[in-house]
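Structure first, commentary second.
The values are calculated or read from the model by the stated rules, or taken from the named source; none is laboratory data. Computed from a predicted model, the values in this text were never measured in an experiment. Cβ coordinates were reconstructed from backbone atoms using ideal geometry, including for glycine residues, and neighbour counts include every protein chain displayed.
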Amino acid sequence: MPSSRSRGQQDDAETSWRDQLSALRNLPPFFRLIYRTSPSLTVTNVLLRLVQSALPAAKLYVGKLIIDEVIRILDAGGDTTYLWELVALELALFLASDLLNRGINLVDSLLADLYTNQTSVDLMRHAATLDLYHFEDAEFYDKMERARRQTTSRSTLISQLLAQFQSTVTLVVLGVSVAAFNPWLIVLLVVAVIPSFIQENYFNQQVYSLTRSWTPERRELDYLRYLGASDVTAKEVKIFGLADFITTRFHKLSMQYYHVNRKLSIKRASWGAFFSAVSALTYYGAYVLIIFQTINGVITVGSLTFLSGAFRQMQQGLQTVLSRFSTIGENALYLQDLFDFFAIRPNIADRPGSIPFPTQLRIGWEFQDVSFKYPNSDTYAIRNLTFKLPAGQKLALVGENGAGKTTLVKLLARLYEPTEGRILLDGRDLREYELSTLRDNVGVIFQDFFRYQLTARENIVVGRVEEGENTERIQDSARKSLAEAVINDLAGGYDQLLGRRFAGAVDLSGGQWQKIALARAYMRDAQLLILDEPTSALDARAEYEVFQRFTALIEGKTAVLISHRFSTVRMADHILFLEYGGLLEEGSHEELLALGGRYAELFELQAAGYR
């Protein structure tokens, strides 16, 4: 877990007004995302808001006419027909306004939901195109976490943008009406609102800076929540008495954030109260000016109500527009996180003129002086590795932990690319082949395979999702992996939900899960099958049986086996013994025993344990 940083580092992350203005460039592509989500809903929203934006001025003006007409009738009498027509018109405007508001809220809600769904899909699809090493980098995880938050939290930006358009049109209409009576009211309006806007914008920048600078710590808090309340960690938390350790660490870190945020919140509230008082005084100054004009007969009583109402609405509207502008700017800064994530491009991608994977392998794989080191690492995980994997041969990789076995199979599947040297497939560089067809023809089951909280059927089908309806193939895969007996004992059979996350699910033992995972390899039916210690939870006899079946059932296919048990390894046609990322010994089981080297030494040590 990351250690707590000095909060002084916040200052380096603070954003400026220029940053916020610069972030507004994210709005056009964001609006294109919205429009792409649903063109019809977007256009409908704009039209509804355009009509709604003219109603405030219309209602105020009709109210002015009503008051002037009432005073005229009181002074001079006469027919009241026109008065009641005005009242009916005002009622119609209020009803129309209510209906428009409801329509806008409905469209906003639908559009936000569709946007959230679409951006979530886009994020997952983009993440699937990125390189494996991206997911092994903490900085990338911070970026992805911030981007993931934007798929939901930025849905409100849709209504904010459209509401800003509506409010701006309303202000223009009201401004023209007020300026026709007294232009000085517009000057007072600007004096009342601008200082408050500057203050609000400043604190929005501070909040963004705080949130961004605390991303690693917030990830740690989420991780601590998971550790403290998870079925996966519950056993060790109880056995090792970790509850106090976890909760104390969480409390300390969360309170650090609380104190920093509290200080900022108090300053924001204090300055907000001050500028709110300035705004109120300015409004009443304008109100006094309007009253004087009414008393002196410059304007009518109806005009007084119109101007006071219009000024108040303009003041509130301008405050809202400027505040929302600041909020939009802040959200646009956050939105940059989403676009930054989408801007990440994989290094491992199809080259121009890529060719499909061979329908039938003729030669196989060849490593030519291959070296590999992980990004941001100076140490080679694999160094100067040269060997051949002929088509149809079963190769075993042996070596102690950290010898580079898993890295090697990831290079075979082109999850990584060599730092130096090259890998050939049927005599051509592996990078010349289409990634999609290459991955389609390579099946890998890792030791840390994922336990999908899905049905037994779906857990097998993930090996070849396009065959999800092929029941015969699914059941045949389960038979080959010995998972059939496990599934037959389940109440729901192949439709039984597995795991512990959802109600009605049944969890399996480690060995049972591994048989389900192995079924994915058979479901895959790829030309190259790789088993990277997927049977480590099985006992020696069960593993031996699984691998015997495996070698018999994949006759004619190429396979790579990784296991620490020599009883399994000896079934391979050829064995590579890796040490510190390099090839130490190679040959058949008998050849390596006759060599009397490290392989023979470890074999004798393991064999002695069974005597």
**Which listed residue is assigned by TED's automatic domain parsing to the domain that holds V178 and not in a helix (DSSP H, G or I), from G285, G297** = G297
**Message:** Suppose we filter F341, F311, F357 for residues that are surrounded by 20 or more Cβ atoms within 10 Å (Cβ to Cβ), part of a loop (DSSP other than H, G, I, E, B) and touching a residue at least 40 places away in the same chain (Cβ under 8 Å); which single one remains?
**Reply:** F357
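Taking the range 345-380 as the search range and keeping residues that are basic (K, R) and more than 12 Å from L430 (Cβ to Cβ), which one is modelled with the lowest pLDDT?
Of the residues in the range 345-380, the ones basic (K, R) are 345, 351, 362, 373.
Still in the list and also more than 12 Å from L430 (Cβ to Cβ): 345, 362, 373.
Numbers: R345: 87, R362: 91, K373: 91.
The extreme case among them is R345.
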**Complete:** When (1) within 30 Å of F306 (Cα to Cα); (2) touching a residue at least 40 places away in the same chain (Cβ under 8 Å) are applied to I295, the one that fails is (2)
**Request:** Search the range 71-81 for residues being more than 14 Å from L304 (Cα to Cα) and touching a helix residue (DSSP H, G or I) at 6+ places or on another chain (Cβ under 8 Å), and hand back the single one that is surrounded by the most Cβ atoms within 10 Å (Cβ to Cβ).
**Result:** I73
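Given the options A559, A594, A600, name the one that is closer than 19 Å to L389 by Cα and outside any loop (DSSP other than H, G, I, E, B). It would help to see each step written out before you state the result.
Numbers: A594 fails: closer than 19 Å to L389 by Cα; A600 fails: closer than 19 Å to L389 by Cα.
Among A559, A594, A600, only A559 is closer than 19 Å to L389 by Cα and outside any loop (DSSP other than H, G, I, E, B).
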**Message:** For the range 260-301, give me each residue that is of a type in the set (A, V, I, L, M), closer than 30 Å to W214 by Cα and surrounded by 14 or more Cβ atoms within 10 Å (Cβ to Cβ).
**Reply:** V260, L264
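Okay, residues lined up against (1) crowded, with 17+ Cβ neighbours inside 10 Å; (2) at pLDDT below 85; (3) more than 28 Å from the chain's Cα centre (by Cα); (4) part of a loop (DSSP other than H, G, I, E, B):
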{"position": "A23", "(1), (2), (3), (4)": "yes, yes, no, no"}
{"position": "Y35", "(1), (2), (3), (4)": "no, no, no, no"}
{"position": "T42", "(1), (2), (3), (4)": "yes, no, no, no"}
{"position": "P56", "(1), (2), (3), (4)": "yes, no, yes, no"}
{"position": "I67", "(1), (2), (3), (4)": "yes, no, yes, no"}
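Run down T455, T419, T437 and say which single residue is buried (at least 18 other Cβ atoms within 10 Å of the Cβ), at pLDDT 90 or above and of a type in the set (S, T, N, Q). Step through it out loud before you land on a result.
Numbers: T419 fails: buried (at least 18 other Cβ atoms within 10 Å of the Cβ); T437 fails: buried (at least 18 other Cβ atoms within 10 Å of the Cβ).
Exactly one residue qualifies, and that residue is T455.
Considering only residues of the range 206-254 that are in a helix (DSSP H, G or I) and of a type in the set (V, I, T), which is surrounded by the fewest Cβ atoms within 10 Å (Cβ to Cβ)?
Kept after step one, since they are in a helix (DSSP H, G or I), are these residues of the range 206-254: 206-213, 215-228, 234-239, 243-254.
From what's left, of a type in the set (V, I, T): 207, 211, 215, 237, 239, 246-248.
On the way: V207: 14, T211: 18, T215: 18, V237: 17, I239: 8, I246: 18, T247: 13, T248: 10.
Looking at residues that are in a helix (DSSP H, G or I) and of a type in the set (V, I, T), I get I239.
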**Message:** Which residue is farthest from Y61 (Cα to Cα), if the candidates are limited to the range 322-338 and must be buried (at least 20 other Cβ atoms within 10 Å of the Cβ) and in contact with a Ser or Thr (Cβ under 8 Å, 6 or more places away or on another chain)?
**Reply:** L338
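Residue by residue, here is whether (1) closer than 21 Å to A483 by Cβ; (2) crowded, with 17+ Cβ neighbours inside 10 Å; (3) in contact with a helix residue (DSSP H, G or I) (Cβ under 6 Å, 6 or more places away or on another chain); (4) modelled with pLDDT of 85 or more holds:
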{"residue": "A505", "(1), (2), (3), (4)": "yes, no, no, yes"}
{"residue": "W513", "(1), (2), (3), (4)": "yes, yes, no, yes"}
{"residue": "A517", "(1), (2), (3), (4)": "yes, yes, no, yes"}
{"residue": "M523", "(1), (2), (3), (4)": "yes, yes, yes, yes"}
{"residue": "L529", "(1), (2), (3), (4)": "yes, yes, yes, yes"}
{"residue": "L561", "(1), (2), (3), (4)": "yes, yes, no, yes"}
{"residue": "A572", "(1), (2), (3), (4)": "no, yes, no, yes"}
**Asked** Going through the range 458-483 one residue at a time, which ones are surrounded by fewer than 21 Cβ atoms within 10 Å (Cβ to Cβ) and assigned to a loop (DSSP other than H, G, I, E, B)?
**Response** V462, R464, G468, E469, N470, L482
**Complete:** For the range 431-452, the count of residues that are free of Cβ contacts under 8 Å to residues at least 60 places away in the same chain and closer than 19 Å to S563 by Cβ equals 1
**Fill in**
Expected output for the range 80-95 (first residue closer than 15 Å to D68 by Cα, partner among the small types (G, A, S) and assigned to a helix (DSSP H, G or I), Cβ below 7 Å, 6+ apart or cross-chain) is E90/G63
